[in-house]
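Q: Attaching a single structure in structure tokens format; questions to follow.
Read-outs throughout are calculated quantities, based only on the coordinates presented, and are distinct from any laboratory measurement. Every value quoted in this text rests on a predicted model; they were computed, and no experiment measured them. With ideal geometry, Cβ positions are generated from the backbone for all residues, glycine too; neighbour counts draw on all protein chains shown.
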Amino acid sequence: MLARFWGTRGSLPVAPTADIIQKKIAHALVASDGRKFADEVEAEKFVENDLSFAAGGTYGGATPCVEIEAGNGSYLICDMGSGLRQFGLDSMRRNAGGHPKVYNFFLSHLHWDHIMGFPFFVPAFDPEAMIRIHSGHPDAEEALRRQQEEISFPVPFDWLRATFEFVTLTPGETYEIDGVKVETKLQHHSHGSYGYRFTDITGRSVIYSTDSEHKLEKMAVEAAFIHFFREADLVICDTMYSLADSVSMKEDWGHSSNIVAVDLCHEAKAKTLALFHHEPTYDDEDIERMHQETIRYEELTRDGPALNVICSYDGLEVRL
Amino acid sequence: MDYSFDERGDAMVVAIRGRVDEATWVAFGVGLSDGIEKAQQARLKRMIIDLTGLDYMSSRGLRVLTVAKREGQEAGVEVELASPNDVMREILAISRYDKLFKITDTVEAAP
């Protein structure tokens, strides 16, 4: 089982400006301290080993799209954020090598940042492709058609050539989808959102829980989330805000915090937490700081086995 | 986790001992609501939560603090924190709760 992150940013796609790239290069040159490199491979090793991730790389700026490799070989994709474009192109490369052209999507919800990649999903034009869109929302088809209406986009949904199927999933049910057990859970967010639990034939499990606010006055219902996350190998969790922001000026904006995510994972005895749906105003250093602080909070409050806290970035692959 | 009340000057002081986590947050919330009610009845303007004896507090406890702060606002009682240990100081900084609450080094230092 493998999770591949194609988009990890929340709300709005972002990209580094020339100024930011210039600062990263300048920082690397100063850090190299006059060292000479035989070739680019050696220089890349220096970047990887001697610079922090934020200094030598970037968390990326595409909105949510996560691929889960499991089951019998069809694609499993959570959400259609702007990261979907790159996934679509990569999947066509894999299709050319014989990969089945069957795409199983699982939508957390229908807000723009989670569906904006779909009009740029090239396999939708392939008449041999089968695209199955699972959602807790019965209005998923309406949302995808609406964003391709003329007022918003030049290519209408009906021009797409793939075979489409829309499937509405019900929380509490367990579905067997192309060799993977799938469960869904309603979450607190505007128009509702759904978390997913994927379990492969070996019992390994991945949770995808984004755009999920854990309300102050409803802490008692968190027991249901702890059960949903139970002993998961990987929990991909909305950690957009600090706890203070999530209960003050950004209350009711529909998102969670790194602190609550750690507590839920601790209680659920999950093995790895992936911080996800990064705040678009955060730069790489902000996200790295949030990651380090989350690791520290996990250490301070640990009362059992250690929880591995990783920070998702566009391009990250986590093998379970 | 347990707690006790002590009236000092213009403040009701609630001293917390032990730790506040998933097992104890409900009792902690009851204690803080009780403290606000006592402060209001005694016409005190402040409730100081004395963290000297607190080992640590998870997000559950932190969120209970927010609920108490709101209850206090409705009752005209300002909720403040005093004397966090090093662990709690870090947790308050990581959660950014140090931006939401007035925090003093000791109960006596609370203005």
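Q: Quick one: Cα centre-to-centre distance for the range A:81-97 and the range B:52-73, in angstrom?
A: 47
Q: If you don't mind, another one. With bins 10 Å wide starting at 0, give me the P(r) of the range B:2-104 over every alpha carbon pair, in whole percents.
A: Going from the shortest bin to the longest, the percentages are 17, 54, 27, 1.
Q: Tabulate in residue order the Karplus-calculated ³J(HN,Hα) for the range B:45-51, using 6.51 cos²θ - 1.76 cosθ + 1.60 with θ = phi - 60°, rounded to whole Hz; enter x for Gly and Pro.
A: After applying 6.51 cos²θ - 1.76 cosθ + 1.60, I find 8, 9, 10, 9, 8, 7, 9 Hz.
Q: When Lys and Arg each count +1 and Asp and Glu each count -1, what net charge do the other residues less than 9 Å away from residue A:61, Cβ to Cβ, add up to?
A: 0
Q: Under a GNM of chain A (C-alpha, springs under 10 Å), which listed residue has the highest mean-square fluctuation: A:291, A:114, A:191?
A: A:191
Q: On to the next question. Please report how far the C-alpha centroid of the range A:1-61 lies from that of the range B:16-47, rounded to the nearest whole angstrom.
A: 48
Q: Follow-up question, since we're still on this one. Do any trypsin sites (Lys or Arg not before Pro) in the range B:21-111 lie in a loop, going by DSSP, with at most 10 other beta-carbon atoms within 10 Å of their beta carbon, and if so which?
A: B:43
Q: Quick one: Karplus J couplings for the range A:234-251, per residue in order, coefficients 6.51, -1.76, 1.60, θ = phi - 60°, nearest Hz, x for Gly and Pro?
A: 8, 10, 8, 10, 4, 10, 5, 10, 6, 4, 4, 4, 5, 10, 10, 5, 9, 5
Q: Further question on the same structure: What's the Kirkwood radius of the protein assembly as shown in Å, using all Cα pairs?
A: This gives a value of 23.5 Å.
Q: Count, for each residue of A:254-263, the Cβ atoms from other chains sitting within 10 Å of its Cβ, then give me the mean as a whole number.
A: 4
Q: Which residue, chosen from A:38, A:191, A:20, occupies the Cα position most advanced towards the positive end of the dipole of chain A, where the dipole is computed from +1 (Lys, Arg) and -1 (Asp, Glu) charges on Cβ about the Cα centre?
A: A:38
Q: Amide H to amide H under 5 Å from residue B:53: which residues, 5+ apart in sequence or cross-chain, H placed 1.01 Å off N in plane?
A: Amide H neighbours of residue B:53, under 5 Å, 5+ apart: B:16.
Q: Also, I was wondering about something else. For the cross-link pairs A:218/B:38; B:38/B:99; A:101/A:181, which exceed 23 Å when the distance is taken from alpha carbon to alpha carbon?
A: Distance filter (> 23 Å) returns A:218/B:38; B:38/B:99.
Q: Under 20 Å from the Cα of residue A:23, which aspartates and glutamates turn up, not counting those fewer than eight places away in the same chain?
A: Partners found: A:33, A:40, A:44, A:48, A:50, A:283, A:284, A:285, A:286, A:288.
Q: Find, among the chymotrypsin sites (Phe, Trp or Tyr not before Pro) in the range A:24-97, those assigned to loop by DSSP (not H, G, I, E, B) with at most 15 other beta-carbon atoms within 10 angstrom.
A: Loop-located and lightly packed - A:37.
Q: List the residues whose amide H sits under 5 Å from the amide H of residue A:269, counting only those 5 or more places along or on another chain, with H placed 1.01 Å from N in the peptide plane.
A: Amide H neighbours of residue A:269: A:231.
Q: Within the range A:45-99, report the trypsin sites (Lys or Arg not before Pro) that DSSP leaves as loop and that have at most 12 other Cβ atoms within 10 Å.
A: Hits after loop and neighbour filter: nothing returned.
Q: Which order do B:24, A:170 fall in if you start with the one that has the fewest other Cβ atoms within 10 Å?
A: A:170, B:24
Q: Which residue, chosen from A:123, A:235, A:307, occupies the Cα position most advanced towards the positive end of the dipole of chain A, where the dipole is computed from +1 (Lys, Arg) and -1 (Asp, Glu) charges on Cβ about the Cα centre?
A: Of the options given, the answer is A:123.
Q: Non-local amide H neighbours of residue A:134 (under 5 Å, H modeled in plane, Pro and chain starts lacking H): which ones?
A: Residues meeting the amide H criterion: A:105, A:106, A:107, A:167.
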